[in-house]
1. Take the residues in region 66-115 that are in contact (Cβ under 8 Å) with a residue 60 or more places away in the chain and of a type in the set (Lys, Arg), then tell me which one is least open to solvent (accessible area, probe 1.4 Å).
2. Starting from residues that are of a type in the set (S, T, N, Q) and part of a helix (DSSP H, G or I), keep the ones in region 75-114 and report whichever is nearest to Ala36 (Cα to Cα).
3. Any idea which of (1) at pLDDT below 95; (2) over 21 Å from Lys13 (Cβ atoms); (3) open to solvent by 50 Å² or more (accessible area, probe 1.4 Å) is the one Asp37 doesn't satisfy?
4. Of all residues in region 14-50, which are polar (S, T, N, Q) and either assigned to a strand (DSSP E or B) or farther than 16 Å from Lys65 by Cβ (or both)?
5. Would you call Asn51 loosely packed, with under 11 Cβ neighbours inside 10 Å, farther than 24 Å from Glu8 by Cα and under 20 Å from the mean Cα position of the chain (by Cα)?
6. Tell me which of these Lys14 doesn't satisfy, since it passes every other one: (1) open to solvent by 80 Å² or more (accessible area, probe 1.4 Å); (2) free of Cβ contacts under 8 Å to residues at least 12 places away in the same chain.
Amino acid sequence: MNLESKKEFEFLKKFNSGHKTEENYESLDQHSIKTADFFKRYIYLRQIKFNFKSLSDDKKQELVKFIEEIIFLHDLGKINPHSQKYYKGLINKSPETEHSQLSFILILIGFILFK
């Protein structure tokens, strides 16, 4: 997954993130990009160093990239049609509107199939 281009995630533009910005809801791709950028800025500003002593430099970079990808994809389950209806105010919150378990499953499948 190349987070720099994010072209393979353009489909996320058509989904609602459930997060409001002023009057409108931000799209899922906007939310994902913003969250990943926030993570990178937070790590940089706080000068957080990942301490993976037993790993080579290449493996350390690979692991940090993996963490960044998970953060970018953390809300992928919001593509759930029930979640989208809930964000639009068409249905009430219910177990069917939850997205976190679906996000986990989709991320896991993605890493298994595409890594």
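The values are calculated or read from the model by the stated rules, or taken from the named source; none is laboratory data. What you see is a predicted model; the values in this text were computed from it and never measured. Backbone-built Cβ (ideal geometry, glycine too); neighbour counts: all protein chains shown. All accessible areas refer to the heavy atoms of the entire protein, side chains included, with ligands and DNA or RNA removed. Shrake-Rupley method; radii C 1.70, N 1.55, O 1.52, S 1.80 Å.
1. Taking the candidates together, the pick is Lys78.
2. Going through region 75-114, the residues of a type in the set (S, T, N, Q) turn out to be 80, 83-84, 92, 94, 97, 100-101, 103.
From the residues that got through so far, the ones that are part of a helix (DSSP H, G or I) too are 83-84, 97, 100-101, 103.
On the way: Ser83: 22, Gln84: 22, Thr97: 24, Ser100: 17, Gln101: 20, Ser103: 16 Å.
So the residue we want is Ser103.
3. Every condition holds for Asp37 apart from (2).
4. Filtering region 14-50 for residues polar (S, T, N, Q) gives 16-17, 21, 24, 27, 30, 32, 35, 47.
Listed by number, the residues that qualify are Asn16, Ser17, Thr21, Asn24, Ser27, Gln30, Gln47.
5. Values: loosely packed, with under 11 Cβ neighbours inside 10 Å: yes; farther than 24 Å from Glu8 by Cα: yes; under 20 Å from the mean Cα position of the chain (by Cα): no.
No: the conditions fail for Asn51.
6. The single condition Lys14 does not satisfy is (2).
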